[in-house]
1. Which ³J(HN,Hα) values, rounded to whole Hz and listed in residue order, are derived for region 34-43 from phi using the Karplus coefficients 6.51, -1.76 and 1.60 in 6.51 cos²θ - 1.76 cosθ + 1.60 with θ = phi - 60°, glycine and proline given as x?
2. Using amide H atoms built 1.01 Å from N in the peptide plane, name the residues 5+ places from residue 55, or on other chains, whose amide H lies under 5 Å from its own.
3. Return the calculated 222 nm mean residue ellipticity for the chain, to the nearest 500 deg cm²/dmol, obtained by summing -39500 (n - 2.57) across DSSP H runs with n ≥ 4 and dividing by the residue count.
4. For P(r) over Cα pairs in 5 Å bins from 0, in percent, the choices are (1) 3, 11, 16, 17, 17, 16, 10, 6, 2, 1; (2) 2, 13, 21, 18, 13, 10, 7, 5, 4, 3, 2, 1, 0; (3) 3, 15, 25, 24, 19, 11, 3, 0; which was calculated from the structure?
5. Which whole-number percent gives the relative contact order of the chain, counting Cα pairs below 8 Å spaced six or more residues apart?
6. Read phi for every residue in region 69-78 and hand back ³J(HN,Hα) as whole Hz from Karplus 6.51 cos²θ - 1.76 cosθ + 1.60, θ = phi - 60°, with x for Gly and Pro.
7. Anyone know which of 63, 27, 37 comes out most mobile in the 10 Å Cα GNM of the chain?
Amino acid sequence: MTPKLYYVLPEYSADDATHFAHIHDFLKEIGKRFDLLLIVEKGATPPPSLGYRGSRVLHFSFLPLRLAELFFRFITARSSGYRDF
């Protein structure tokens, strides 16, 4: 059985030139060893070639709603068997 991992990605952009650019290769590698579920705080949905099983992009930018959405996503993932974040 493949271990499940819920990964919070602060930002995703296909042409990312910031310090998050190295994360793309990292996600490909951990996707080989884990059943990977992504949550993207800002940006677009990453391509499936990164090796994840599913992804969610947060919709709200207003802080109280954003925190409520993040909490809801964590609870949903936890109930789906994702124990490691």
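Please treat every number below as a calculation from the coordinates, not as lab data. Since the model is a prediction, treat every value here as computed from it, not as a measurement.
1. Values, residue by residue: 10, 7, 9, 10, 9, 10, 9, 6, 9, x Hz.
2. The list, which skips near neighbours in sequence, is 38.
3. -10500 deg cm²/dmol
4. The value matching this structure is (3).
5. 35
6. Taking θ as phi minus 60°, the curve returns 5, 4, 4, 4, 5, 5, 4, 4, 5, 4 Hz for region 69-78.
7. 63
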